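What follows is a single structure, written as structure tokens, with notes after it.
Taken together, the values in this text are just the output of simple stated rules run on the coordinates, not laboratory data. Bear in mind the structure is a predicted one, so any value in this text is a computation, not a measurement. Here the Cβ is made from the backbone with ideal geometry for all residues, glycine too, and neighbour counts use every protein chain on show.
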Amino acid sequence: MSPAHLELRDLSVWYGSKKALDEVSFSVPRHHVLGIVGPANSGKSSLLKTINRTLEFIDHSRSAGAVLLDGENVRDIPNVYSLRRRIGMVFPLPVGLPLSIYDNVAYAPRRMGIHHKDQLDHLVESCLRDAVLWDEVKDRLDLLGTKLSGGQQQRLTLARALSLEPEILCLDEFSIAIDPVTTMKIEEVLMRLKERMTIILVTNLTQQARRMADAVAFINASQLIEWGPTEQLFNQPAKELTGRYLNGEFG
Amino acid sequence: MSSANPFIPSSYELNKEKRARRAKWSTLTVTVALLIPVALILTLIALKAWPALSWDYLTGDVSRSGAAGGIWGPLMGTFYLTLLCLAIVAPIGILAGVYIHEYAPDNAFTRAIMIAVTSLAGVPSIVHALFGLGAFVATLGMPKGLLTAAMTLSVMTLPVIITSTREALSSVPKNFREACWNLGASRWQTIRTIVLPNSFGGILTGVILVIARAAGETAPIMFMGAVMWLRIAPAGPERLMPYGLNDEFMALSNHLNLISKDIPGMPEQMKFGSALVLLTLILFINGLASLVRLRLRRRKRW
């Protein structure tokens, strides 16, 4: 067993007195894809927010347990911004910032002090290529990112998340607001990106998890029901609930 | 009922139509009825002010207690008073609005601050005048004058700026901020690069409304050094900057107040003249605010 790139130990999250995540533990080796599946409102997004500590922006929230990145507790990383740069995030609804396409992708590099034009040009092009958006926008990089179609904006979001070459890429139901063709395009991209980074894929589509993930974690009502290699979970789940969810009998 | 022809409107639906028409007409009537007096007032003031209006009226000195001459002194007083008030209240109000909306945690303390701001907005201006007198003059020992009057107006207009800043900030969607935070931007970087540039129009509208408010108020300044008459230098830079920070001053609103009721035999056109100038000034500034809002709405970025 290779050392875990990302490991959760008894991670719990509360909003006020309401528990959103209950002692979840699992680990992901480097360059693996972990699929996280489960019904809506079961704590999947809260889980992602504790990884890059953006949970701290939410009033009345707190967490217990540990998130270990290469064995280091993220809570002990002194510079929270450097942590967030190591982790790319893509959310369900595409968010083009009200800036040009170019500035959208260059946003994060600029915030960490990269202002050299050639360097930024190169970065913007390679990220947009990685997100299969380059050919559609290369002639209009000055256009507002918010004017792109939903599917294009989601790929812009992905390009932006890649702009700091994160070591972990988290995607939170990236396909709910986009069309199937774009979804397939992004899935292909992710399979290639896997060579360079570890991917956490939160999804409502169990078939998407089956296509892409090396391992799957099933979360229901704040609790981790079961996690393991993808085919094992789909074919011989240890818990009856897992089988029923993955076969689409509830959720 | 289920056997009825579905294409023939039922009596209920016919009634619904009638009620919808009635609602539309009654709201329209009230709106028109409101516009008529406004139009009448404006026409009346303009007609009565007409004989007084001239370039000399705007730039001339007040003489014979306002019964003759012009309104240069009060005009300059209102100008500097408003400018000073803005210089004080805009930075404080905008910074407070940004703190309350972008940083303050959702707790009892923040809610108490917001209740205080809302209550401050409801305090009558005469109470603000007494507060200014008590706080700045009696307690801090500052002289009555342009500065203390502007400070009093600032306290009065603070809630306007705070509220409009908050509203402008909340028009920027939350997920823009989250996207930036996830990219490793600090709160301040997010505010500076995304939030403020996209709420600028709304904040500016609040600032402009404060100008209109400060220019029109009488009560807060009449205790704070606004006077009936001062000698203004006939020429030179002091004609353009007639008052020092601690000097007493004239102002249009106060001038209008005094000549309208305290001086017998005041020619009508003099009263209506200064009313028209003040009104035009405020309408002009409000128009500016609407224009800014309109322009910024047209180039909406998302």
Rounded to the nearest 10 degrees, the helix B:196-216 long axis (Cα) sits at an angle to the longest Cα principal axis of chain B of 40
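Can you give the alpha-carbon Rg of the protein assembly as shown over 2.2 N^0.38 Å, where N counts its residues?
1.34
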Once amide H atoms are built 1.01 Å from N in the peptide plane, which residues 5 or more positions from A:Ala20, or in another chain, come under 5 Å H to H? A:Val13, A:Trp14, A:Tyr15
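With a 10 Å Cβ neighbour count serving as the proxy for reagent exposure, in which order, fewest first, do B:Trp72, B:Trp188 appear?
B:Trp188, B:Trp72
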With chain B treated as a Gaussian network of Cα nodes joined by springs under 10 Å, which of B:Asp56, B:Asp247, B:Asp262 yields the largest mean-square fluctuation? B:Asp262
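Excluding B:Ile285 itself, calculate the net charge of residues whose Cβ lies under 15 Å from the Cβ of B:Ile285, where each Lys or Arg counts +1 and each Asp or Glu counts -1.
Around B:Ile285, the charge tally is +1.
Normalised by the residues of chain A, what does the relative contact order come to in percent, with Cα pairs under 8 Å and at least six apart?
27 percent.
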Please rank B:Val123, A:Val80, A:Val67, fewest neighbouring Cβ atoms within 10 Å first, as an exposure proxy. B:Val123, A:Val80, A:Val67
Just tell me how shielded B:169-182 is by partners: mean number of partner chain Cβ atoms within 10 Å of each residue's Cβ, no decimals. 5
Give the average, rounded to an integer, of partner chain Cβ atoms located within 10 angstrom of each Cβ in B:105-116. 1
Working from Cα positions, state the angle (0 to 90°, nearest 10) between the long axis of helix A:150-162 and the longest principal axis of chain A. 90
Considering only B:Val32, B:Val292, B:Val137, give the residue with the highest GNM mean-square fluctuation for chain B, with springs between Cα atoms whenever their separation is below 10 Å. B:Val32
Give the lysines reachable from A:Lys19 as a straight Cα distance under 21 Å; neighbours fewer than 8 places away on the same chain don't count. A:Lys44, A:Lys49
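Counting other Cβ atoms within 10 Å, keep those with at most 14, restrict to DSSP loop, and tell me which trypsin sites (Lys or Arg not before Pro) in the stretch A:63-144 are left.
A:Lys138, A:Arg140
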Taking placed amide H atoms and a strict 5 Å upper bound, the residues 5 or more places from A:Glu226 or on another chain that come that close are A:Phe218
Proxy reagent accessibility, fewest Cβ within 10 Å first, across B:Tyr12, B:Tyr243: B:Tyr12, B:Tyr243
Classify the stretch B:29-129: rounded, prolate or oblate, from the alpha-carbon gyration tensor (a ≥ b ≥ c, eigenvalue square roots; a/c under 1.5 rounded; otherwise prolate if a/b is larger than b/c)? oblate
Going residue by residue through the stretch B:163-180, the Karplus relation 6.51 cos²θ - 1.76 cosθ + 1.60 with θ = phi - 60° gives ³J(HN,Hα) values, rounded to whole Hz and with x marking Gly or Pro, of 5, 5, 5, 4, 5, 4, 5, 6, 7, 8, x, 4, 6, 5, 5, 4, 4, 5
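Which whole-number percent is the relative contact order of chain B (Cα, under 8 Å, 6+ apart)?
Result for chain B is 27 percent.
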Can you give the relative contact order of the stretch A:209-251 as a percent, counting alpha carbon pairs under 8 Å and 6+ residues apart? 28
Exposed GluC sites (Glu not before Pro) absent - longest run of chain A, DSSP non-H/G/I/E/B, at most 12 other C-beta within 10 Å: A:1-194
Would you tell me the mean number of C-beta atoms belonging to other protein chains that fall within 10 Å of each C-beta in B:183-196, as a whole number? 5
Sequence-distant lysines (8 or more away, or on other chains) whose Cα lies within less than 27 Å of A:Lys117: A:Lys138, A:Lys147
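For chain B, just say rounded, prolate or oblate: build the C-alpha gyration tensor, square-root its eigenvalues into a ≥ b ≥ c, call rounded for a/c under 1.5, and beyond that prolate if a/b exceeds b/c, oblate if not.
oblate
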Where does helix A:101-111 land angle-wise versus the long Cα axis of chain A, in degrees 0 to 90, nearest 10? 70
Diffing the stretch B:67-73: the Karplus 3J(HN,Hα) column from phi (6.51, -1.76, 1.60, θ = phi - 60°), in whole Hz with x for Gly and Pro, holds 6, 9, x, x, 9, 4, x
Under the Karplus curve 6.51 cos²θ - 1.76 cosθ + 1.60, θ = phi - 60°, whole-Hz ³J(HN,Hα) for the stretch B:30-36, x wherever Gly or Pro sits: 4, 4, 5, 4, 6, 6, 4
Name the residue, out of A:Gly65, A:Gly35, A:Gly88, whose mean-square fluctuation peaks in a Gaussian network model built on chain A with Cα pairs under 10 Å. A:Gly65
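How do the peptides B:267-276, B:144-153 rank, highest first, by the average count of neighbouring beta carbon atoms within 10 Å per residue?
Listed from highest to lowest mean packing, they are B:144-153, B:267-276.
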Taking amide H atoms as placed 1.01 Å from N in the peptide plane, list the residues 5 or more away in sequence, or in a different chain, whose amide H sits under 5 Å from that of A:Ser61. A:Gly16
Specify whether the C-alpha gyration tensor of the stretch A:180-251 places it in the rounded, prolate or oblate class, a ≥ b ≥ c being the square roots of the eigenvalues: rounded for a/c under 1.5, otherwise prolate if a/b is larger than b/c and oblate if not. prolate
